[in-house]
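First the structure, in the form of C-alpha cells, and then the observations on it.
Please treat every number below as a calculation from the coordinates, not as lab data. In this text, all values refer to a predicted model and were calculated from it rather than measured experimentally. Cβ: placed from backbone, ideal geometry, glycine included. Neighbour counts: every protein chain shown.
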Amino acid sequence: MPETVTEPLSILLNPYRPLPLAGVVFSPPSVGAARSVKHHWGKDNRWDIITDSVQLLPAGLRPRKPGITARQVLAGAVILVMAGWAITMAASFTVNRSLVARAQGQVQLVSAEKQPLATRLHALSELQKTLSRLQYRADRGAPWYTRGGLSQNDALMAALFPRYAENAIPLLRDAAAVHLQQQLNAYVQLPPDSPLREKMTRTAWEQLKLYLMLARPERMDAAWFSGALMQNWPQRPGVKDGVWQGTGASLLRFYGANLPAHPAWRLHPDDGLVSQVRTLLVRQMGMRNSESTLYQKMLAQVANQYADLHLSDMTGDTDVSRLFTTNEVVPGMFTRQAWEQAVQPAIEKVVAERRDEMDWVLSDSRQPAAQQTSPEALKARLTERYFADFGGVWLDFLNSLRLQPAATLSDAIDQLTLMADVRQSPLVALMNTVSVQGRTGQTGEALSDSLVKSAKNLFNRDEQAAIDQQVGAHGPLDATFGPVLALMGSQTKGAGNTDLSFQTFLTRITQVRLRLQQVTNATDPQAMTQALAQTVFQGKAVDLTETRDYGSLVAAGLGQEWSGFGQTVFVRPMEQAWQQVLAPAAESLNAQWRSAVVDDWNTAFGGRYPFKDVSSEVSLPLLAKIPQRRFRAHRPLFTDPAQRCAP
C-alpha cells in the first residue's frame with residue numbers, strides 16, 4: 001500500500017494514542033505503578049544525564065530563566081542615571097556659562113562711563129533682572145537644567161551685587177538725592193509769607209520722607225518709594241521721558257527693596273537741610289487750618305453712614321406727638337453709635353498717620369516734635385472738638401422742643417397722665433435716650449453693653465427699673481450733659497423729696513394729676529376750681545403750686561444752657577395746667593374785684609379833684625378812710641364766704 005495511506009493508519013494501530021502536547025504536569029511518583037497503567041510515566045536513568053550535561057554546555061547554550069532579571073534592571077537603571085547625569089551636566093554647563101557670560105557683558109556695559117546715560121540705565125535694568133532671577137532661584141530653588149553639581153547661582157549673585165552697587169549708587173541713589181535736595185532747598189528758600197509754602201507743604205513732606213528713606217534703610221518702603229519718587233521726578237536730563245518712565249520705577253523699586261539688606265548703600269544726608277525742612281513742616285502742620293481740614297474731612301467720611309435722629313426715634317413706641325414737637329433733628333454722626341463705630345476709629349486713623357509723620361520724618365531722638373503738633377495732642381484736640389459739636393447739636397435739639405398746647409383742663413390732665421406713666425411716657429423714653437447719649441465717650445459701659453441691657457429689659461419687664469438711673473464714669477460730655485445725668489442718676493432720699501430727682505418730679509406730676517382729676521370729677525367743678533384758686537391766692541401751698549415750684553427749681557438747676565429744655569419739660573406742663581385751673585375762676589374773681597373795689601372807688605372818687613382836673617374836690621375825711629377801705633375791700637376776695645361778712 002502507498003506510504004501516504006499507511007502512515008496515517010499506523011497511528012490508529014498504536015496502543016498509545018498520540019496527542020498534541022498541551023502542557024506538562026509534575027506529580028509525586030506513584031507507588032507500585034506499572035507501565036500498564038494508562039497515562040503513567042515512569043522515570044528512568046536517562047533523565048539524570050540531562051541535568052549533569054547542562055553544566056558542560058557553552059555559556060550561550062545553557063538554559064536561562066525566562067524574562068528580565070534584577071541584575072539587568074539594575075544595570076539598565078545605572079546606565080540611564082549616568083546618561084541623564086551627563087546630559088544634565090552638559091545642559092547645566094551650557095546654561096550657567098551663558099548666564100555668567102551674559103552677566104559679565106551687562107556689568108561691562110553698565111560700568112562703561114563713556115556710554116550714554118540711557119544705555120547705562122538699560123544695562124542696569126538688565127543686570128537688575130539677572131539679579132532678580134538669581135534671588136528667585138535662591139529662594140525657590142534653581143531649575144533642574146542649571147544644577148547637576150555645576151550651579152553657580154549663589155556664587156554669581158554674590159559676585160554681581162557689589163558690581164550692581166558700584167553702578168546703582170551713582171546712577172540712582174546719588175542722582176535721586178541731588179534732585180530731592182534741590183527741591184527741598186527751593187522750599188526752604190520760599191518767603192515766609194509766600195502762599196506756595198502752605199500749598200507745597202504736603203509735597204515737601206513727601207520729598208523729605210523720600211530723602212530720609214535713602215538714609216535710613218530700616219524705613220524704606222520700596223513700593224511707595226518708587227511710586228512717589230517717579231511722581232516727583234518724572235523727567236531726567238539725558239534720558240528720554242518715555243525711557244525714564246518705562247524703566248525708572250522698576251530700577252528704584254529694586255534698589256529700595258534691597259537697601260535694607262545692604263545698609264552700606266545708605267545715603268549720608270545733609271543734616272542742616274533736614275533740620276531746616278523739619279522746622280518749617282512742623283510749623284506748617286501745626287497750624288489750626290490744617291487741623292480744621294482734618295476734622296472736616298473726618299466728618300465728611302462719617303456723615304453719610306448714619307441716618308439723622310428725629311424726636312420719634314428717641315422715644316421708641318411712645319406717642320410723643322401728644323406732648324412735644326420740634327422741627328430739628330440730630331445728625332447721625334453725632335450719636336453714640338457713630339462715635340464708637342466710625343468717628344473714634346477715624347480719629348485713630350488720622351492720629352496714626354500723624355504719628356507716622358511725626359515719629360521719624362519730622363522728628364528724631366535729638367529733636368523731638370513740639371508738644372502742640374504731637375499725635376497725642378492732635379487726638380485730644382480732634383476729640384474735644386467733636387464732643388463740643390456733639391454737645392452743641394444735642395443742646396440745640398433739646399432746647400427746640402415745644403410743649404403741645406392743651407385747650408381744656410381735661411387735655412392738660414391727659415398730658416400729665418401720659419407724662420407720668422413710666423411705661424408709656426415719651427418723656428421717660430427721651431430722658432433715657434439723653435442719658436445714653438450723654439455718656440458717649442466714657443470708658444465705662446460701651447454701646448454693646450447698652451444693647452445687651454436693653455435686650456435683658458425686653459425679656460424682664462417686670463423686674464426692670466422704669467427709669468435708667470445708672471451713673472457711669474466721667475466722660476467728655478459731662479460738662480454739657482452733667483446736669484441731666486445727675487438728675488437721672490439721683491436717688492430719692494428721705495420722705496420730704498428734698499433732692500432734685502427726675503423720679504421725684506414724676507411722682508409730683510402724678511399727685512397733681514390726681515388732684516386735678518378730683519376737680520373735674522366733682523359735683524360742681526367750677527366751685528371746686530374757684531376754691532382751689534382762692535387757696536393759692538391766700539398763699540397756702542397746694543400740690544399744684546409745689547410741683548410748679550419744684551419744676552422751676554429743676555429747670556433752674558439744669559443751668560442756662562438747658563433753659564429751653566428745662567422750661568418745656570419741667571415748667572410749661574405745670575403752668576399750662578395752672579392756667580386751665582385759673583381760667584374758670586378768673587371771671588368770678590374779676591367780677592368780685594369790680595364790685596368790691598373798682599365800683600366803690602369810682603363812686604367815691606370818680607370825677608373829683610385831684611384824680612381829675614375839675615373844681616369838685618374829694619372829701620378829706622373820705623380820703624382818710626382809704627387804707628381801711630382798701631383792707632376791707634381786699635379781704636373778702638381771698639377769704640371764705642363766712643368770713644366776708646365779718647366787720
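Annotations
- Cα convex hull of the stretch 168-277, projected area averaged across orientations, nm²: 7.0 nm²
- Each residue, HIS474 and ARG62, gets one label point 7 Å from its Cα in the Cβ direction; the gap between the two is 10.8 nm.
- For the stretch 218-256, backbone nitrogen atoms closer than 17 Å to the point 7 Å from LYS129 Cα along Cα-to-C-beta are found at 243-255.
- Extension gain for the segment ALA159 to ALA388, taken as residue separation times 0.36 nm less the Cα-Cα distance, is 76.0 nm to one decimal.
- Amide hydrogen neighbours beyond the local backbone of LEU309, cut-off 5 Å, H modeled: VAL330, GLY332
- Note on ASP271 and THR293: the extension gain reaches 4.8 nm, defined as 0.36 nm multiplied by sequence separation minus the Cα-Cα distance.
- Among the listed pairs LYS114/LYS199; LYS129/LYS297; LYS240/LYS349; LYS129/LYS240, those beyond 31 Å (Cα-Cα): LYS114/LYS199; LYS129/LYS297; LYS240/LYS349
- Dipole magnitude of the stretch 168-277 about its Cα centre (Cβ charges: Lys, Arg +1; Asp, Glu -1), debye to nearest 20: 220 debye
- Between GLN424 and LEU553, the modelled labels are 3.1 nm apart [label points 7 Å from Cα along Cα→Cβ].
- Additional length obtainable on full extension of the chain from GLN231 to GLN108, 0.36 nm per residue less Cα span: 41.2 nm
- Label-point separation, VAL78 to ALA90 (7 Å along Cα→Cβ), nm: 2.2 nm
- Efficiency of FRET from Cβ geometry, ASP241 and TRP144, R₀ 51 Å, rounded to 0.05: 0.75
- When each of the peptides 507-517, 241-251 is scored by the mean number of other C-beta atoms lying within 10 Å of its residues, the order from highest to lowest reads 507-517, 241-251.
- Ordering of 49-62, 377-390 by packing is 377-390, 49-62, highest average first (other Cβ atoms within 10 Å, averaged per residue).
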